[in-house]
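Please treat every number below as a calculation from the coordinates, not as lab data. Not measured: the values here are computed from a predicted model. With ideal geometry, Cβ positions are generated from the backbone for all residues, glycine too; neighbour counts draw on all protein chains shown.
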Amino acid sequence: DQQVKQNSPSLSVQEGRISILNCDYTNSMFDYFLWYKKYPAEGPTFLISISSIKDKNEDGRFTVFLNKSAKHLSLHIVPSQPGDSAVYFCAASRRGGSQGNLIFGKGTKLSVKP
Amino acid sequence: SQTIHQWPATLVQPVGSPLSLECTVEGTSNPNLYWYRQAAGRGLQLLFYSVGIGQISSEVPQNLSASRPQDRQFILSSKKLLLSDSGFYLCAWSGLTNQPQHFGDGTRLSIL
């Protein structure tokens, strides 16, 4: 049973436009959400996180939105750049759960075309 | 600043051979440490985590084991590798639970 789902395996966007990456979760106990970016042959790099007490967190070109009622979060990248081309993973965890138990989605491969 | 090192970057091993992957963290004390595996076409799966020396928790039953002999050292081992152990293994650390985890560059393990 997949608790964190990224239903789009890939996304292609033109440089300068907005990239929107989506993530759905099933466990209503999750209260901390993260986005990671991964280049081939490298480990994931932490991008941005959001706690369930917020519905939006922004860091430069990256904004994460959380809709708790829909159990949905999204990552917006504006403007998209060719260097943003990578696989993006969303992850979730809950306080009081197994320490460090981040549940990851399968990832979405973003391609930003010049 | 904190850094995490994993080695080797790639490894090719025959079925039935032993395994030892090492991960070390610098620039922090008493980190939480994690081992993940990413199998082909799948997301990251947590294998083990450790909140202190000698303290290991396993998330999934498997052919692998982990040890933490020192505060900033985390080792993933197997006595006899299976074909299904192939994958991309990642070590990570965090300061506290529910803080972002930071990953090493991973080891690509191929079993022949």
The protein assembly as shown - charge dipole about Cα centre, Lys and Arg +1 at Cβ, Asp and Glu -1, debye rounded to 20
380
Of the listed pairs A:Lys5/B:Lys80; A:Lys37/A:Lys71; A:Lys38/B:Lys80; A:Lys54/A:Lys106; A:Lys5/A:Lys38, which have alpha-carbon separations greater than 27 Å here?
A:Lys5/B:Lys80; A:Lys38/B:Lys80
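Which whole number gives the average, over all residues in A:7-17, of C-beta atoms from other chains lying within 10 Å of the residue C-beta?
On the way: counts 0, 0, 1, 0, 0, 0, 0, 0, 0, 0, 0.
Average neighbour count from other chains, rounded to a whole number: 0.
Could you please rank A:His76, B:His5, placing first whichever residue has the fewest other Cβ atoms within 10 Å of its Cβ? Walk me through the numbers before you get to the answer.
Details: A:His76 16, B:His5 13.
Ordered from fewest to most neighbouring Cβ atoms within 10 Å, A:His76, B:His5 come out as B:His5, A:His76.
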Within 10 Å of each Cβ in A:35-47, how many Cβ atoms from other chains are there, averaged over the peptide?
5
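Charges at C-beta only: +1 for Lys and Arg, -1 for Asp and Glu. How large is the resulting dipole of segment A:45-114 about its Cα centre, in Debye rounded to 20? Intermediate results must be reported in sequence, preceding the final value.
Working: 10 positive and 4 negative charges, 52 e Å.
It works out to roughly 260 debye.
Compute, for segment B:3-98, the length of the dipole vector about the Cα centre, with Cβ point charges of +1 (Lys, Arg) and -1 (Asp, Glu) only. Units Debye, rounded to 20.
Numbers: 6 positive and 5 negative charges, 40 e Å.
Dipole magnitude for segment B:3-98 comes out near 200 debye.
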Note down the net charge around A:Gly107, summing +1 for each Lys or Arg and -1 for each Asp or Glu among other residues with Cβ under 15 Å from its Cβ.
+4
A:Ser12-B:Gln55 pseudo-label distance in nm [points 7 Å out on the Cα-to-Cβ vector]:
4.9
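Just the number, please: percent antiparallel of the DSSP beta bridges in the protein assembly as shown, rounded to the nearest 5.
Numbers: 72 of 81 bridges.
The antiparallel fraction comes to roughly 90 percent.
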Given labels modelled 7 Å from the Cα in the Cβ direction, how far is it in nm from A:His72 to A:Glu58?
2.1
Inter-chain Cβ neighbour average for residues B:86-94, partner chain, 10 Å:
2
The residues B:Arg42, B:Arg68, sorted from fewest to most surrounding Cβ atoms within 10 Å, come out as B:Arg42, B:Arg68
Can you spot the aspartates and glutamates whose alpha carbon is less than 16 Å from A:Lys113's alpha carbon? Ignore those fewer than 8 places along the same chain.
A:Glu15, A:Asp84
Order these by the 10 Å Cβ neighbour count, fewest first: A:Lys5, B:Lys80.
B:Lys80, A:Lys5
